[in-house]
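Encoded as structure tokens, the structure appears first; notes follow it.
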Amino acid sequence: MKYDFKQVEPKWQKKWEEAEAFRAVDNSPKPKYYTLVEFPYPSGAGMHVGHIKAYSGLEVVSRKRRMQGYNVLFPIGFDAYGLPTENYAIKTGMHPRAVTDRNIEKFTSQLKRVGFSFDWSRVVDTTEEDYYRWTQWIFLKMFEKGLVFRDTALVNYCPSCKVVLSNEDSQGGKCDICHSDIVQKSKAVWYLRITEYADKLLQGLDEVDYLPNVKQQQINWIGKSTGAFVNFSLKEIDEKLRIYTTRPDTLFGVTFMVIAPEHPIIEANRDRIANIDALDAYKEECAKKTEFERTQLVKDKTGVRIEGLTAVNPVSGKEIPIYISDYVMMGYGTGAIMAVPAHDERDWAFAKKFGIDIVEVIKGGDIAAGAYTGDGEMVNSGFLNGLTNKKDSIARMIEHLTEQGIGEMGVQYKMKDWAFNRQRYWGEPIPIVHCPACGIVPVPYNELPLKLPNVKNFEPGEGGESPLAKIDSFVNCKCPKCGGDAKRETDTMPQWAGSSWYFLRYIDPHNNEAFADREKLNYWLPVDWYNGGMEHVTRHMIYSRFWHKFLYDLGEVPVSEPYAKRTAQGLILGPDGEKMSKSKGNVVDPNDVVDVFGADVLRTYVLFMGDYGSAAPWNESSMKGCKRFLERIADLTDLVSGSGVTPKLESAIHKTVKKVSLDIEEMKFNTAIASMMALLNEIYDVGSITKEELMTLVRLICPFAPHLAEELWENLGGEGLCSLAAWPEWDEAKTVDSTVEVAVQINGKLRATIQLPFNAPKEEAIAAAKADAKIAPLVEGKTVIKEISIPNKIINIVVK
RNA sequence: GCGGGUAUGGCGGAAUUGGCAGACGCGAUGGAUUUAGGAUCCAUUGGGAAUCCGUGCAGGUUCAAGUCCUGUUACCCGUACCA
């Protein structure tokens, strides 16, 4: 059959749309299946082939599920708030709304050209009022429950984008958007108390089926550690200096303390500190250092001793000095540490530089040469002396601290609270009012959505305030509580807000009464299978699990974990093996591929190019192989003859059905396609195929190349749409051949292969092997030491 | 530094989990067809002076190792003074 994709592909896309073939039905009697892919950020550049790979995996799974009789929800939408759009708007003078609409249109047409089986009736756009109304609603619920707070703190600030960034958005000290160096700035910002959910986020991982490395990254990100808080007395004042340590057992080895330069105890005791000027100077110096400089100077410790404050070691009673140094962070623990130079590398380096005593408390190392961080017997440690087990000595010390009332067991997390605002225009307005009389007042629920005003100028302010601050009609309002004059919060939410709950809105995207109907949530949740990029494992995934768990605690959703299963696709690299990027000019546009090769070839190729989870370079000539493959399938119509079965092909077809069915479940799409290619080669060898057999193959290829499949299905007289036909079943008994080829080894070296009946008994198999013309002379006259027979696979005869 | 991963032909990658290494595809070579190119079809394609050697390197376990164990090297990803 001559196959013209340019005519066939639009034809079937239209038919699917007319038939509403991929509509998910709420509360259907069929079993449900919810497949989710990460919705795209609609950038001006349009999609690239990486998007196609990201969606093709679950596209195949979704199509297979439908054919298996499931009621499938496979939605798509757009995560459209964000800086690139706003920056583009500033540059061109276009309104972000117009830019977004244009980009969404472009993405939509690209997605439709590829023939993805999304339910287009459920598209969500995070920037629409109907959507962000509920983003604001969830925010207010969090506010109500005390999970939103405002604090003046050192924040990550990008001087180029002029925004405050979350910890997650400034990994490595670089702005996630423009890659400039981040500076630390003191600012009043909004936080979501995600740390309150740290333990739940950690424990929830036990209930879900995520890839092991996905789980591991989340565990590391949460970064739970257990240890103890200890309150050190100060000699000069009646105040305690509280520290956190994971090694309370080394307390006898503490010879000094270090606090962060920003630690409040300094401000509180300015009068008492003799060298306050030196401390101020040091603090200022640290603030100027970029994250990059800080990490570069890791080995070289700096600091200043506080003159006028002295601590007392609570177990040895010795007086010890206190220093400030930037190797202690205000953001972790209590911003103060007890230093044990004998057994901590950083403390050791600091002690050496400042000439502080180093006291060994764990035997086993040479503390003159460096810190000893291994295990060993406790020494110089009073009641701990002689203990050799770390766990025991830690437990014993915590017991002591608790009895004496100077400390207690404690838990810390690396994860920090989520800095939840941006000083930018293109985001969800934060629904809060600042009232001179009442303070911080939430916008009442019935006033949602708090609309983003339509303005002409989106330039951020120089002082780091939002463009909204310049819109008087937005800023000035009445206090919802007292009715007096008040001002609105002018910051907007960060990009990650809208994507934190989008999978819930897909379930009921047009609901005006609630973010989603409870019955529908009960039916569809959880997401059965979520696929996306590894880059979102620590941010988007943690955030959205947090929001979902919050809604669960509120009783708004029926399950505590949103995603039952999570997988990740690998990148598509440019033809040069480098990561695709506009600047390198190695980006492949899916439209160009569809123009030349067609959508089916593109879909098949992105899944065939290699292991789905690994990165693989784009190779156009390799894609030709997929083109040939699909054309050769179309040509099979010329080989159709007779009915019943082609005996030679029967088991090959059953094997392929099994292989393809199982491989799809494991995302081994490359081998699934390879097995269909192998079957195709076999069919051409045989030279004929029955209509029924071909229709089986057509249904197998349908999730990968649905346009071709539909055309062939129609041509062969198939009923209805191939996309909704039943997925082929295999008969296990027919996947085995009556005779099998068995390898025969002598002393582990391959010497012959013989044909044996399937499951031939061991004795029979070995006798047949020995009788083989190539084997007989090698065994004759030798002593047989051992005979191994692995049924249907291999025989090994050991001779001497 | 720490955590995770990878290493197989000229290339992308397979290998039912310890059982014939190199499936499938690309590329290449030869042939057919074609005025020519392209496309298509057929054959060959890990190396080799040939019962041998081959899965980053060095050992080990086993009848049998790409797969398991010990050591080692290189690269990739994440994270980073986390007390």
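The values are calculated or read from the model by the stated rules, or taken from the named source; none is laboratory data. What you see is a predicted model; the values in this text were computed from it and never measured. Every residue, glycine as well, gets a Cβ built from its backbone with ideal geometry; the counts of neighbours run over all protein chains shown. Heavy atoms of the whole protein, side chains included, go into the accessibility calculation; ligands, DNA and RNA do not. Shrake-Rupley method; radii C 1.70, N 1.55, O 1.52, S 1.80 Å.
Among A:ASN619, A:ASN586, which is the only one that is on the phi < 0 side of the Ramachandran plot and touching a strand residue (DSSP E or B) at 6+ places or on another chain (Cβ under 9 Å)?
Details: A:ASN619 fails: touching a strand residue (DSSP E or B) at 6+ places or on another chain (Cβ under 9 Å).
So the residue among A:ASN619, A:ASN586 that is on the phi < 0 side of the Ramachandran plot and touching a strand residue (DSSP E or B) at 6+ places or on another chain (Cβ under 9 Å) is A:ASN586.
Among the residues of segment A:227-249, write down those that are near RNA strand B (Cβ under 9 Å from one of its atoms) and of a type outside the set (D, E, K, R).
Start the filter on segment A:227-249 by keeping residues that are near RNA strand B (Cβ under 9 Å from one of its atoms), which leaves A:227-228, A:243-248.
Selection gives A:GLY227, A:ALA228, A:ILE243, A:TYR244, A:THR245, A:THR246, A:PRO248.
For segment A:713-720, indicate whether the set of residues that are within 13 Å of RNA strand B (Cβ to nearest atom) and not in a strand (DSSP E or B) is non-empty. So that I can check it myself, show each step before the final result.
First pass over segment A:713-720, keeping only residues within 13 Å of RNA strand B (Cβ to nearest atom): none.
No: segment A:713-720 contains no residue that is within 13 Å of RNA strand B (Cβ to nearest atom) and not in a strand (DSSP E or B).
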Check your understanding: Is one or more of the residues making up segment A:206-219 open to solvent by less than 50 Å² (accessible area, probe 1.4 Å), of a type in the set (Ser, Thr, Tyr) and over 25 Å from A:ALA351 (Cα atoms)?
Key -> yes
Revision key, fill the gap. Among (1) crowded, with 21+ Cβ neighbours inside 10 Å; (2) near RNA strand B (Cβ under 10 Å from one of its atoms), A:ILE683 falls short only on (2)
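Between A:ALA514, A:ALA599, which is touching a helix residue (DSSP H, G or I) at 6+ places or on another chain (Cβ under 7 Å) and at pLDDT 90 or above? Steps first, please.
Values: A:ALA514 fails: touching a helix residue (DSSP H, G or I) at 6+ places or on another chain (Cβ under 7 Å).
Exactly one of A:ALA514, A:ALA599 is touching a helix residue (DSSP H, G or I) at 6+ places or on another chain (Cβ under 7 Å) and at pLDDT 90 or above, namely A:ALA599.
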Check your understanding: When only residues in segment A:331-348 that are more than 37 Å from the chain's Cα centre (by Cα) and either open to solvent by less than 40 Å² (accessible area, probe 1.4 Å) or charged (D, E, K, R) (or both) count, which is nearest to RNA strand B (Cβ to nearest atom)?
Key -> A:VAL340
Point to revise | Restricting segment A:302-330 to residues that are charged (D, E, K, R) and more than 27 Å from A:ASP375 (Cβ to Cβ), the residue that is surrounded by the most Cβ atoms within 10 Å (Cβ to Cβ) | key: A:ASP326
**Study point:** Residue list for segment A:389-418, restricted to those being in contact with a Lys or Arg (Cβ under 9 Å, 6 or more places away or on another chain) and not in a helix (DSSP H, G or I)
**Key:** A:ILE406, A:GLY407, A:VAL411, A:GLN412, A:TYR413, A:LYS414, A:MET415, A:ASP417, A:TRP418
Review point. So how many residues does segment A:223-260 have that are without any contact (Cβ under 8 Å) to a residue 60 or more places away in the chain and in a strand (DSSP E or B)?
Key: 1
Exercise for review: For residues that are open to solvent by 30 Å² or more (accessible area, probe 1.4 Å), touching a strand residue (DSSP E or B) at 6+ places or on another chain (Cβ under 9 Å) and under 20 Å from A:ARG518 (Cβ atoms), tally how many sit in segment A:536-583.
Suggested key: 1
**Study point:** Odd one out for A:VAL25 among (1) touching a strand residue (DSSP E or B) at 6+ places or on another chain (Cβ under 8 Å); (2) closer than 22 Å to A:PRO728 by Cα; (3) surrounded by fewer than 18 Cβ atoms within 10 Å (Cβ to Cβ)
**Key:** (2)
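Kindly provide the set of residues from segment A:124-156 that are part of a loop (DSSP other than H, G, I, E, B) and open to solvent by less than 50 Å² (accessible area, probe 1.4 Å), ordered by number. So that I can check it myself, show each step before the final result.
The first filter runs over segment A:124-156 and keeps only residues part of a loop (DSSP other than H, G, I, E, B), leaving A:126-128, A:145-147.
Across segment A:124-156, the qualifying residues are A:THR126, A:THR127, A:GLY146, A:LEU147.
Are any residues in segment A:535-571 away from RNA strand B (no atom under 12 Å from the Cβ), of a type in the set (D, E, K, R) and under 14 Å from the mean Cα position of the chain (by Cα), and if so, which ones? So that I can check it myself, show each step before the final result.
Kept after step one, since they are away from RNA strand B (no atom under 12 Å from the Cβ), are these residues of segment A:535-571: A:540-541, A:543-567, A:569.
Subsequent filtering for residues that are of a type in the set (D, E, K, R) retains A:545, A:549, A:553, A:556, A:561, A:565-566.
Within segment A:535-571, A:ARG545, A:LYS565, A:ARG566 meet the criteria.
Condition first: within 11 Å of RNA strand B (Cβ to nearest atom), outside any loop (DSSP other than H, G, I, E, B) and crowded, with 17+ Cβ neighbours inside 10 Å. Now tell me which residues in segment A:607-624 satisfy that.
Listed by number, the residues that qualify are A:PHE608, A:ALA616, A:PRO617, A:MET623.
Condition first: among the acidic types (Asp, Glu) and assigned to a loop (DSSP other than H, G, I, E, B). Now tell me which residues in segment A:62-106 satisfy that. Write out each step before concluding.
Filtering segment A:62-106 for residues among the acidic types (Asp, Glu) gives A:79, A:86, A:101, A:105.
The one that is among the acidic types (Asp, Glu) and assigned to a loop (DSSP other than H, G, I, E, B): A:ASP79.
Could you list all residues from segment A:44-61 that are part of a helix (DSSP H, G or I) and of a type outside the set (Ser, Thr, Tyr)? Give the steps one after another, and end with the answer.
Let us first name the residues in segment A:44-61 that are part of a helix (DSSP H, G or I), namely A:49-61.
Correct list: A:VAL49, A:GLY50, A:HIS51, A:ILE52, A:LYS53, A:ALA54, A:GLY57, A:LEU58, A:GLU59, A:VAL60, A:VAL61.
Conditions tested, residue by residue: (1) touching a helix residue (DSSP H, G or I) at 6+ places or on another chain (Cβ under 8 Å); (2) modelled with pLDDT of 95 or more.
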{"position": "A:TYR425", "(1), (2)": "yes, no"}
{"position": "A:PRO429", "(1), (2)": "yes, yes"}
{"position": "A:VAL433", "(1), (2)": "no, yes"}
{"position": "A:VAL441", "(1), (2)": "no, yes"}
{"position": "A:PRO453", "(1), (2)": "yes, no"}
{"position": "A:ASN457", "(1), (2)": "yes, no"}
{"position": "A:GLY461", "(1), (2)": "yes, no"}
{"position": "A:GLU465", "(1), (2)": "no, no"}
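Residue-wise test of (1) without any contact (Cβ under 8 Å) to a residue 40 or more places away in the chain; (2) closer than 30 Å to A:ALA497 by Cβ; (3) among the charged types (D, E, K, R); (4) in contact with a Pro (Cβ under 9 Å, 6 or more places away or on another chain).
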position: A:PHE550; (1), (2), (3), (4): no, yes, no, no
position: A:PRO575; (1), (2), (3), (4): no, no, no, yes
position: A:LYS584; (1), (2), (3), (4): yes, no, yes, no
position: A:ASP595; (1), (2), (3), (4): yes, no, yes, no
position: A:GLY598; (1), (2), (3), (4): no, no, no, no
position: A:VAL601; (1), (2), (3), (4): no, no, no, no
position: A:MET609; (1), (2), (3), (4): no, no, no, yes
position: A:PRO617; (1), (2), (3), (4): no, no, no, yes
position: A:SER621; (1), (2), (3), (4): yes, no, no, no
Review point. A:VAL784: away from RNA strand B (no atom under 16 Å from the Cβ) and β-branched (Val, Ile, Thr), yes or no?
Key: no
Exercise for review: Would you check which residues across segment A:204-232 are out of contact with any Gly (no Cβ under 6 Å at 6 or more places or on another chain) and of a type in the set (Val, Ile, Thr) and list them?
Suggested key: A:VAL208, A:VAL214, A:ILE219, A:ILE222, A:THR226
Revision key, fill the gap. Within segment A:184-205, of all residues that are modelled with pLDDT under 90 and more than 15 Å from RNA strand B (Cβ to nearest atom), the one most open to solvent (accessible area, probe 1.4 Å) is A:SER186
Point to revise | Exclusive hit being under 26 Å from A:ASP737 (Cβ atoms) and either of a type outside the set (Asp, Glu) or open to solvent by 70 Å² or more (accessible area, probe 1.4 Å) (or both), set A:GLU787, A:GLU764 | key: A:GLU764
Revision key, fill the gap. Here the qualifying pairs (Cβ atoms under 7 Å; residues six or more apart or on different chains; first in segment A:763-776 and at negative phi; second assigned to a loop (DSSP other than H, G, I, E, B) and surrounded by 13 or more Cβ atoms within 10 Å (Cβ to Cβ)) come out as A:ALA769/A:ILE775
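Within segment A:584-597, take every residue that is within 14 Å of RNA strand B (Cβ to nearest atom) and not charged (D, E, K, R) and give me the one that is most open to solvent (accessible area, probe 1.4 Å). Walk me through how you get there before you give the answer.
Restricting attention to segment A:584-597, the residues satisfying the condition of being within 14 Å of RNA strand B (Cβ to nearest atom) are A:584, A:596-597.
Those still in the list that are not charged (D, E, K, R) too: A:596-597.
Numbers: A:VAL596: 91, A:PHE597: 19 Å².
The extreme case among them is A:VAL596.
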Exercise for review: Answer with yes or no whether A:LEU697 is modelled with pLDDT of 95 or more, more than 16 Å from RNA strand B (Cβ to nearest atom) and among the aliphatic types (A, V, I, L, M).
Suggested key: no
Check your understanding: Just one of A:ALA652, A:ALA634, A:ALA672 is crowded, with 19+ Cβ neighbours inside 10 Å, more than 10 Å from RNA strand B (Cβ to nearest atom) and within 26 Å of A:GLY598 (Cα to Cα); which is it?
Key -> A:ALA634
